[in-house]
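This report concerns only the one structure given below.
Please treat every number below as a calculation from the coordinates, not as lab data. Just so you know, these numbers come straight off a predicted model, no measurement behind them. Neighbour counts run over all protein chains shown; Cβ positions are idealised from the backbone, glycine included.
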Amino acid sequence: MNGIPTSIITMLIGIVITLISLWYGQNHGLMPIAASTEAGEIDQLFNVMMTIGTGLFLLVEGTLIIALIRFRRKAGDETDGPHIEGNIPLEIVWTAIPAIIVLGLSVYSFEIYNEMGGLNLMEHHSTKSVQLAYTSANGDEATSYPMLAASGLGEPPDLGEQEADVTINVLAMQYAFVMTYPDTGIVDGVVHVPVGKLVKLNLNAQDVIHAFWLPEFRIKQDMIPGKETSLVLKATREGTYPVVCAELCGPFHGGMRAEMVVHSLEEYEEWEQSRIAAAPTDASTVIAAASRKADETDADYLAHFDHPMHLDMAAEHLEHMSHGHTDVALTPGS
């Protein structure tokens, strides 16, 4: 390679790194199945970051390996290396390029957040507020401050005046999710939605902060006591997907799981009609049953939610957790 100009070698290396980065950025296989319209946008952003990250990794690590081999100390060479003061143009380049990349990714991710409805939040919930009471130190007067009572992802801007096809009220409590369908009065421990329809989830927490996370949908939203949050989604793929609490909500946080079932339109209508025809379930009854009784042990309490929570631990080990044991055996979910 001594006869090949350095500029040609550099160009060839750049082409190889670019091709490898572009291929791996689209074929890394690190993301789960995409099951919503939002997932496509998130995956595209992730692919771009993986492409850039792969290119930078190959460039930096490749440079280190070449330097280790080419500039290694030769046998018998006891002299000092050359004294190098620095290279201002090179330092400017390797500072400017990361700055441009970070700025570009920031703008790109902000645009995706906007397309998912993140900036529509104030518009959709500006009329809702709660009052925070504050009493002065001397106790003479109390002042109320308005606070935003809802947050999350609002309706994407491209939907215009389109209303949600299905609205579901989700209540989180230690350690279960309770879903209520206000249009039909259905109460369930599983989220049922039709494919291709706009679904709005109104999220509330009864006790501590929880989070409603759908990995295959690429969306997550905190559920805060006293503050309603929301998620708007559209499923694109039929199937059953996990719903996970992604906030540490107590000692049995790891078992707080539910499912989202995405039906075809016909199957969803059949499910809805079958639940309406069945004996109605009172939401307050379900919530009361989910609340822990004063005399209940951990095992007794969690036994109520073994199926809706899909616990990944054996029931006989639940009691040990409350006594500080860490050797909890895991078993396949029920």
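Applying both filters, DSSP loop and at most 11 other Cβ atoms within 10 Å, to the trypsin sites (Lys or Arg not before Pro) of the stretch 1-85 gives ARG72, ARG73, LYS74. For the stretch 1-67, the convex hull spanned by the alpha carbon atoms encloses 84 Å³ per residue.
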